[in-house]
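Some notes on the structure that comes next.
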Amino acid sequence: MKERTVRVLCPNGIHISPAGVMAKLLKKVSARAEIRRGEQSADASDIDAVLALALREGEDVTVRAEGGEADIALSLVEAVLREGTKMLKTWRAEASAAPKPPEKKEFAVASASLCIGRIRQTADDMKEKLASYKKGSPMEEARRFGEAVKAFAARMEKTARACADAGETRQQLILEGYRMMAEAQGFHEEVGRVIAEGVAAPEAVLAAKERMASSMLLQERAGDQREVGRSIARILLGIKETAETEDGSALILVGDEISPELIARFSGDRLAGIIQSGGSPSGHAAILARMRGIVALLGYQGAEKLPDGAMAIVDGEKGTVVVDPSEEELREAQRRIDEEKAEARRLLEETGAAVTKDGAVITLRANVGSAEEAEAAVRNGAEGVGLFRSEFLYLGRNELPSEDEQAEVYRRAAKACGGQPCVIRTLDAGGDKDIPALALPKEANPFLGFRAIRISLSRPALLSAQLRAVLRAAKEGKAALLLPMIVSVSEIEDVRKALETERRALFGDDEAAPDVPVGVMIETPAAVVQADVLARHADFFSIGTNDLAQYTLAADRTNAALAYLDGMFHPATLRMIRLIVSAAQQAGIPVAICGEMAADPLAAKLLIGLGVTVLSMAPPMLPKIRAVVRQTSLARAQRLAEEALRQTNPAAVRAILAR
């Protein structure tokens, strides 16, 4: 047994990132290492055990190692305790060598009302396979489980890289999250425990993920856990993955819920549409379908009865499926599809401002998650970025992005916007966005807990790095800050003080120092009822309609059983928006919509009538919404809005807007 005393010099102590680095490094060494702090000790390769020691910067600990490569193990542990994640340089170099997203990316033309393809049922014969599975010894089952996880992780990595190459940031991050769920130590420990009790590996995997899913309040995240479990179980049972059609026809994927991985796997024109018996408009599948421009039917009764392999026509507007259509029906459907594509191409080529018939100018911006997406969005007509989701820089990795890394990404995005704003939302972590590097505590109700601006303000170094990065980017573009989950004036004041401190640190008294506007996301009832007060402290408002509807109606937006509430068109949501707009107008500040509502053609008319002047959305929807604006008048939109506000249910609101 060899040992040495080491002082912890890693900034902020040993949190999840350096602990993860240590575990990965020690896996390659033929030795066992231990860290001792007082009477407590931990296996240096066990992340949870190391984190339990709560090692702080400046503390002295004893490191012990035994085995053939004990000296190497001691040196590795010491290096991590002293340097932290700097040991990741090699892995970062490997990552930077991976193919990067193309510099120029044209967004898919959205033709989401009609499609033709062959039905492919995604349900499998898992029950029968489980019944016939030949269980081995606990050791054999553990080995099979380990191999299945490796195969699944490799598949996720390959598909995520393909998404990155195509510039599909959201799909990439979802798949990287799936890989991390599969590799999580807690999951492996739970499966190992169940296998040790004599349960077969596939059943142990399903049971472990079901237990994890049942403890989650957010249904979408629970669905992700179950999907990862099912995917690993399918590998263990030898169930083949969904295949393409033999005649090369486009696929229409059918199932209870279609996984993001499956949508990502069939790129381009190989996927025509999806039909789900479950799901919600805010779920992964629906959002990815909108971004891909494919038809999506949700809550379709009888989906499981649609014949696998049959040709079908899916009408997304009417919510109908025609199975085995006649030649005449196919010709008519293809004619409509061709017309829609031609119209979509025409709209894509149309540029310029979105101006109503009576001269009201509506600004259309893009919601993006990377500099590449910002550049492509502006090329396709976006008037700047209305929402840059900075959390995408933090997801799917074990260390926080540096100030320099953030500054470069924000700089590119702001520069791409030219003289138009690039609105960068500060880190919106927590809720359904798990960021390992933050080592956030588990909460009974994460959506009502420690998230978004609350995290940033509690960690000054985290906020400081992001504010400095935005200030540096503002030297080359019109960058602005957007603060999420604001419920108090003091939160805005604290961020403004921190911003001024960093501005002086970077630029001193330089009169040419950039001025960064500070906006507030209005997404809770608390913010709505204080909107008049918040407006006096904000440069602009941006309404997050997804969360606003969820919190207003006390309804998880990803829960299909609550879809009947129709949050976007519920009178309560509309009244909330009217209150926000009124407060903004009285204060003389602009108000934008950055939720899914902005991309809905029906809702767009309503929002214009309510007084919203900036709509920010997924880039593929920009041409369609521009056309909606140009085809209506502000006066008519205002009349529709007033009539809609008098209704008592969402169906009545939709009926008025559809006239």
Probe 1.4 Å, all chains present, heavy atoms only: residue 188 accessible area in Å², nearest 10, is 60
Once residue 447 and residue 54 are pulled to full extension, the length gained, defined as 0.36 nm per residue separation minus their Cα-Cα distance, is 138.9 nm
Ignoring ligands and nucleic acids, residue 575 exposes an accessible area, probe 1.4 Å, in Å² to the nearest 10, of 110
In deg cm²/dmol, rounded to the nearest 500, the helical mean residue ellipticity at 222 nm of the chain, built from -39500 (n - 2.57) for every DSSP H run of length 4 or more, is -14500 deg cm²/dmol
Counting only DSSP loop positions in segment 600-656, the trypsin sites (Lys or Arg not before Pro) whose Cβ has at most 12 other Cβ atoms within 10 Å are 646
Note on segment 458-612: alpha-carbon gyration tensor, axes a ≥ b ≥ c; rule is a/c under 1.5 for rounded, else prolate if a/b larger than b/c, else oblate; result prolate
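Once you order the gyration tensor axes a ≥ b ≥ c over the Cα atoms, which shape class does segment 268-427 get: rounded for a/c under 1.5, otherwise prolate or oblate by comparing a/b with b/c?
Cα axes put segment 268-427 in the oblate bin.
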As a percent rounded to 5, the proportion of antiparallel DSSP bridges among beta bridges in the chain is 40
Expressed as a whole-number percentage, the relative contact order of the chain with C-alpha contacts under 8 angstrom and at least six residues apart is 12
A student applying the Cα gyration tensor rule (rounded when a/c is under 1.5; otherwise prolate if a/b is larger than b/c, oblate if not) would label segment 581-639 oblate
Checked against a 20 Å limit on the C-alpha separation, the offending pairs among 341/605; 127/209; 209/442; 150/240; 127/150; 415/475 are 341/605; 127/150
Of the candidate values (1) 37; (2) 27; (3) 32, the one computed for percent of Cα pairs over 43 Å apart from this structure is (2)
Rounded to whole Å, √(5λ) for the Cα gyration tensor eigenvalues of segment 386-448, largest first, gives 26, 14, 6
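Could you compute the net charge surrounding residue 569? Neighbours are other residues with a C-beta less than 11 Å from the C-beta of residue 569; K and R count +1, D and E count -1. Show your work: numbers first, answer last.
On the way: positive: 654; negative: 566, 600.
Cβ neighbours under 11 Å give a net charge of -1.
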Under a 1.4 Å probe, counting only protein heavy atoms, residue 277 has an accessible area in Å², nearest 10, of 40
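The values are calculated or read from the model by the stated rules, or taken from the named source; none is laboratory data. What you see is a predicted model, and the numbers here were worked out from it, not measured in a lab. Please note: Cβ atoms are built from the backbone with ideal geometry, for glycine as well, and neighbour counts cover all protein chains shown. When the accessible area is computed, the model is the full protein with side chains, heavy atoms only, and any ligands, DNA or RNA have been set aside. Shrake-Rupley method; radii C 1.70, N 1.55, O 1.52, S 1.80 Å.
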